[in-house]
Amino acid sequence: MINLIKKEIRELLTKSALLFFAFMALIFVFMGQMLSEAQEEAAVSPVVAVVDQDKSHHSATLVEAIETGADVVYSGDDVSRAQSELESENGIALVLVPGGFGATIDSGKKAEIEVRWIMKGAGVIDTLPVSAVEAIIDSGFKSVSATLVEGHSSLDPEIILAPASSSYTTIYEGKTIEGVSPQVLSGLLSQETMFVPVVIMMLIVMGSSSVISSMGLEKENRTLETLLTMPVNRSHIIISKIIGSATAGVVMGAIYMVGFYFYSTSLGGQTGSLADLGFVLGPGDYFLISLSLFTALLAALCASIIMGTFASNYRSAQTLTYPLIGLAVLAMLVTMLLDFRTLPAMVQVIIFAIPFSHPMIAMKELMVDNYFLVLVGILYSSLLTAILVAVATRIFTTDRVVVGISIRRSKSRADSYNSQ
């Protein structure tokens with residue numbers, strides 16, 4: 001009984017399985033570190049510019065509170081200069097206090113300021129500093145309210161407790177969007193794109209698992225060995241496998257696009273809101289998304305064929321899917337939480353090198369008319385696929401496609417034993 005348990009544990013906890021789980025643990029450590037750094041950056045005083053065109057007692061109180069809580073790179077009455085200073089210092093918001101701010105409050109009406117946001121990325125983590133700026137502005141409103149209370153103002157209590165409000169304008173990728181904060185815009189974009197990385201990861205996992213498992217079964221049942229002994233050119237074998245895999249990729253991609261079309265149309269108001277804000281995808285955009293998905297799937301399937309050649313049986317083939325699954329999970333987590341353009345340069349290189357990441361970020365990039373990154377991603381996946389096809393063809397002309405890793409190891413050990 002104990003020996004049987006040990007046997008099962010040895011077969012399940014293989015080196016490749018342990019390496020996979022270690023890799024997954026490192027992914028979560030990496031993501032946790034990025035989240036921690038983002039939270040630390042959000043805790044640092046945000047960089048803002050303040051334009052006071054009112055010059056009243058109430059506006060001075062508001063500006064003083066903002067200067068206390070934020071890193072103010074400009075404080076004056078010149079909007080264009082404030083905007084240039086903010087952009088040069090990589091700031092996040094311009095707070096504009098219009099003329100008549102104090103007079104409006106003293107007349108018993110709620111005043112309004114304008115906050116112009118410079119949105120750098122649409123990821124969930126990218127919008128964390130926005131909350132810090134909003135909290136500082138709210139503290140400024142409370143300071144104005146406190147001065148009204150101290151002065152025994154006879155205004156309406158609702159005006160005393162909430163003397164002002166904010167109107168938002170967000171500048172994102174050259175588009176000026178009025179009445180929308182970065183958090184709202186990020187939420188709308190995430191609403192339509194949040195499930196894309198998950199679905200693509202599932203397609204990559206299912207496609208690669210089926211191809212590698214098929215290779216393992218063919219070796220275990222000796223059908224591949226029989227096929228290789230027949231008078232068939234080995235290049236034709238690999239080409240047929242690639243074409244079959246490509247067909248499977250087309251079918252899976254088509255099913256995905258149909259499902260995603262119905263998902264997008266079912267969003268109703270959310271999708272309409274994005275369209276009203278200027279974020280619209282046309283037929284050409286959906287074609288590029290489909291092409292990006294197809295090339296990524298093809299690269300994954302070709303890589304699966306290569307990895308499948310190292311399997312000696314069906315059980316060993318299962319463990320060979322772990323590297324592809326790990327890369328797909330990494331790409332999914334990063335693209336769901338962060339915007340590709342706001343990532344550190346080294347992380348950008350790593351994510352771009354993973355072909356599965358390109359269809360995950362394609363939709364969000366096309367919404368902001370960033371065709372260059374999508375087209376380069378398609379080209380990269382296509383070149384990588386061509387290289388993998390050449391490698392797979394080379395492997396199929398050798399004996400490794402039959403013997404696999406485990407058998408080669410056993411053979412080398414046997415040769416070592418015989419030599420002794």
Query raised in the report: Running Debye on region 46-187 with equal point scatterers at the Cα sites and no solvent, what base-10 log of I(q)/I(0) appears at q = 0.13, 0.16, 0.21 Å⁻¹?
Result: -0.54, -0.80, -1.25
Query raised in the report: Want the number for PHE28 to LYS110: 0.36 nm per residue separation, take away the alpha-carbon distance, what's left?
Result: 24.8 nm
Query - Separation in nanometres of the label points that stand 7 Å from Cα toward Cβ, at ILE243 and SER36 - result: 5.3
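Tell me, in nm to one decimal, what length is gained between LEU217 and SER167 on full extension, where the rule is 0.36 nm per residue of separation less the Cα-Cα distance?
On the way: separation 50, 0.36 × 50 = 18.00 nm, distance 6.30 nm.
Here the answer is 11.7 nm.
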Query raised in the report: Simple spin-label model, 7 Å along Cα-to-Cβ: LYS142 to LYS6 in nm?
Result: 6.6
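Values quoted throughout were computed directly from the atomic coordinates according to the rules given, and no laboratory measurement underlies them. Here the structure is a predicted model, which is why all the values come from computation and not from measurement. Backbone-built Cβ (ideal geometry, glycine too); neighbour counts: all protein chains shown.
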